[in-house]
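Reading through the C-alpha cells given below for one structure.
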Amino acid sequence: MKKRINKSERKFQSAERLQQSGQKPKHLNVRARSQWQWTWSKMGLSLSILSATILFFLHLFSDSIDLSRPSDVGLNHTINYYLKPEEGVKVGVWHTVPEHRWKEAQGKDLDWYEKALGDGSPIFIYLHGNRGNRSAPHRIGVVNILSAAGYHVLALDYRGFGDSTGEPTEDGLCTDVLYLYHWIKARSGNSLVCVWGHSLGSGVASTTAVKLLEQGKQFDGIILEGAFLNARMETNNLTEHPFTWFYWKFPYIQYFLFNPLKNKDLNLPTNENLQKIQTPLMLLHAEDDHLVPFASAQENYRIAKKAQNSDERVKLVRFDGSVGYLHNGLYKDPGLPNIIREFVQSLMA
C-alpha cells in the first residue's frame, strides 16, 4: 500500500535533500532576504525619525534662545543692539569686543560698546548663511575666533531672521548690511572694517561690496567662507552635489535649510561681483563642502585673481576633505586663527 505524503512532508524532504547537497532551500533564501529588507527598512525609518526629531528640537532650542541676552550662549563680552535701517524694519546685532577687553566689558551699557568701536582694533561684520540666526554654534565659533584674535565682531541677523523684523529680499539684505557699515564707520574712526560672509552671507557680502563701490567706499578686507557662484545657480543645482541627498530625503530638512528665504528669487552673483571688486580677498573652503562644491571656490578664485591681477591681494585657503569640516565646520580648524591674523596684518601693511 502506497504511503500518501502531504505537502509539508514534501517540503521537509526537499529541504533535507538540499541541505545534504550543500544548497539552501529557495524559500529560506527568500525569507532571509525579506528579513534583511525589513531590517534595512526599519533602520531607514529610524534614521528618518531621528533626523526629524533632532532638527525639531534644534528648532525649538533656537526659538527658545533670548537673542537679546547673548550671555546665555556664552558670549559674556557681547551686547545686543537693535538698529533700524528702514522704516518698519528692526534688525538685531550682537557686538562682541576683543577678548582682551573681556573684564572691562562686564556690566557696560550700549554707550560704552559704541565708544569701544573707536579703540583702533579691526572690526568684522559677520554675515551668516540661510538658516537659523546669530546664535548658531558654528557662528558663535567664528565670533569667538575673531574676538580672541583681538577684533570687534558685529554679527547681524538680516531682516526676517532671528528676532529681526521685516520681509527678507535681496535688496533688503544688502540695505541692512550697508546701514550697519555706515553705522560702524560713524563710530570707529580709522579702524579697519572688514566683512566675513558665510554661504548665503558670501553673496550678501560681495553684493554689498559692489554697492559700496558705487558710493565711493569699500570694505578694507573681505573673507568669503563656503562661497557660491550665485544664489540661483547653487539653489537649482543643490541636489547634484555629493551628500546633499540627505538634506532632501528626510522630513523637515528643506524647511530648516531655506526658511525664511524659501521661494524667494535671489541672485547675489558673487562671480559677477568679484569682477568689479578690488578689495583684498580671502576665500575659505573645505574640499568636502557638501552644499557648495570646492569647484565653486576655485572658479571664484580664478575670477577674482584675474580682476585684481594679483597673487597677493587674492587668496584661496583649502581645507583638506579628510578632516570632515563640510560646509559649517571651518571654525574648528586649529590653524584658522593664524590664517586670519596674517590676512588682517596684510591689510595694515
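Between amide H atoms placed 1.01 Å from N, distances below 5 Å from Glu225 occur with Gly197, His198, Ser199, Leu284, all of them 5 or more places distant or on a separate chain.
For the residue pairs Lys90/Lys211; Lys115/Lys276; Lys115/Lys211; Lys108/Lys211; Lys185/Lys276; Lys306/Lys332, alpha carbon separations beyond 25 Å are given by Lys115/Lys276; Lys115/Lys211; Lys108/Lys211; Lys306/Lys332. Backbone amide hydrogens, once placed in the peptide plane, bring Lys315 within less than 5 Å of Leu281, Met282, Leu283, excluding anything fewer than 5 places away on its chain. The local environment of Phe161, defined by Cβ-Cβ distances under 10 Å, has a net charge of 0 under the rule Lys, Arg +1 and Asp, Glu -1.
With both labels modelled 7 Å from their Cα along Cα-to-Cβ, the Lys108 to Glu167 distance reads 4.0 nm.
When Met282, Met348 are compared by accessible surface with a 1.4 Å probe, the order from highest to lowest is Met348, Met282.
Taking the protein heavy atoms of the range 142-194 in the context of the full set of protein chains, the accessible area attributed to carbon and sulfur is 48 percent at 1.4 Å. 3J(HN,Hα) along the range 177-194: 6, 4, 4, 4, 4, 5, 4, 5, 4, 5, 10, 9, x, 9, 5, 5, 10, 10 Hz, from the Karplus curve 6.51 cos²θ - 1.76 cosθ + 1.60 with θ = phi - 60°, whole Hz, x for Gly and Pro. Residues whose amide H falls under 5 Å from that of Ser164, counting only those 5 or more places apart or on a different chain, are Gly92, with hydrogens built in the peptide plane. On the basis of the beta-carbon distance and an R0 of 22 Å, Gln345 and Arg302 show a calculated FRET efficiency of 0.30.
The values are calculated or read from the model by the stated rules, or taken from the named source; none is laboratory data. Predicted model only: the values in this text are computed from it and were never measured. Counting neighbours? That spans all protein chains shown, and the Cβs are built from the backbone with ideal geometry, glycine included. Accessible surface areas use protein heavy atoms only, side chains included; no ligands, DNA or RNA. Shrake-Rupley method; radii C 1.70, N 1.55, O 1.52, S 1.80 Å.
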